[in-house]
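Engineer: Before anything else, here's the structure in question.
What follows is calculated from the coordinates using simple rules that are stated; it is not laboratory data. These numbers were taken from a predicted model, which means no experiment stands behind them. Cβ: placed from backbone, ideal geometry, glycine included. Neighbour counts: every protein chain shown.
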Amino acid sequence: METAAQRAVAELLREVTGEDAEWQAGLGPATRLDGDLFLDSVELVALSAALAARFGPAVDLAGHVAGLDFDALLTLTVADVADYVTART
């Protein structure tokens, strides 16, 4: 991971998916939530809630994702989520 926000997103992803630290170490800024991690809708909502709990209610990932077109959703990366968090905090 490169930035503090990217590290935080990776940590929260690990928590909501129930994976271990080794799995988290394999995440990078370009890791796609759908294309690489196959995050399902329940995990995405859990990630959204975890981000809001950590960074405040202005961080509404579920709302943000709802506004994305299909292609943008498929290519959403850890770095994209971290940039969204940074912009909202």
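Engineer: More than 15 Å apart: what percent of Cα pairs in the chain qualify? Spell out each step's value before the answer.
Structural biologist: On the way: 2085 of 3916 pairs.
Percent of Cα pairs beyond 15 Å in the chain: 53.
Engineer: Additional query: Quick one: net charge around residue 52, please, counting Lys, Arg +1 and Asp, Glu -1 for every other residue with C-beta under 13 Å from its C-beta.
Structural biologist: Taking every Cβ under 13 Å from that of residue 52, the sum is +1.
Engineer: If we sort 35-46, 72-83 on the protection proxy, mean other Cβ atoms within 10 Å, highest first, what's the order? Display every interim value, and only then the final one.
Structural biologist: On the way: 35-46: 13.8, 72-83: 18.2.
The most tightly packed comes first, giving 72-83, 35-46.
Engineer: Between residue 45 and residue 2, how high is the FRET efficiency from 1/(1 + (r/R0)^6) when r is the Cβ-Cβ distance and R₀ = 35 Å? Nearest 0.05.
Structural biologist: On the way: r = 26 Å, r/R0 = 0.75.
That pair, residue 45 with residue 2, gives E of 0.85.
Engineer: For an R0 of 35 angstrom, estimate the FRET efficiency from the Cβ-Cβ distance between residue 15 and residue 71 and round to the nearest 0.05.
Structural biologist: So, using R0 = 35 Å, E works out to roughly 0.80.
Engineer: Magnitude of the Cβ-charge dipole of the chain, K/R +1 and D/E -1, about the Cα centre, nearest 20 debye?
Structural biologist: Its charge dipole is roughly 320 debye.
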